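Just so you know, all these numbers are worked out from the coordinates, no wet-lab data involved. Quantities reported herein were computed from a predicted structural model and do not represent experimental measurements. Neighbour counts run over all protein chains shown; Cβ positions are idealised from the backbone, glycine included.
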Amino acid sequence: MRPLRRRRRGGPDAYVASCLLAALGGNSSPSTKDIKKILDSVGIEADDDRLNKVISELNGKNIEDVIAQGIGKLASVPAGGAVAVSAAPGSAASAAGSAPAAAEEKKDEKKEESEESDDDMGFGLFD
């Protein structure tokens, strides 16, 4: 006996992912029926308004171009660990150039600190 699968509503990313899957399968211009079939296969009930919105936005566009534009947009999103940059004009270029130097200085400081901590204990790890 097969367990019943509960139907759920998918978010906007489910519709985009379905379009990408259709394109990957060779269907460069998927219809609403194609997308509904893909969503139904994973238990997602398609919302016609969302589906029509995604189809209209992607209609006539090359999937590779859409992906390339998306990657360009994601590149501008900050992702932690970034170097703080002042608001002065031209400072971005100078900050980018000084980032490796700052990282190198931190490594040197850490190395010196670890050597000092060994001296404080009276013995080294490999002595």
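Sorted by packing (mean other beta-carbon atoms within 10 Å per residue), highest first, where do 38-46, 64-72 land?
So the order, starting with the most tightly packed, is 38-46, 64-72.
Return the distance in nm (one decimal) between the two label points of a simple spin-label model at ALA79 and GLU57, each offset 7 Å from Cα along Cα→Cβ.
About 2.1 nm separates the two model spin labels.
Just to be sure I understand the curve: with the Debye formula and one point per C-alpha of region 23-79, what is log10 I(q)/I(0) at q = 0.21, 0.24, 0.30 Å⁻¹?
-0.90, -1.01, -1.18
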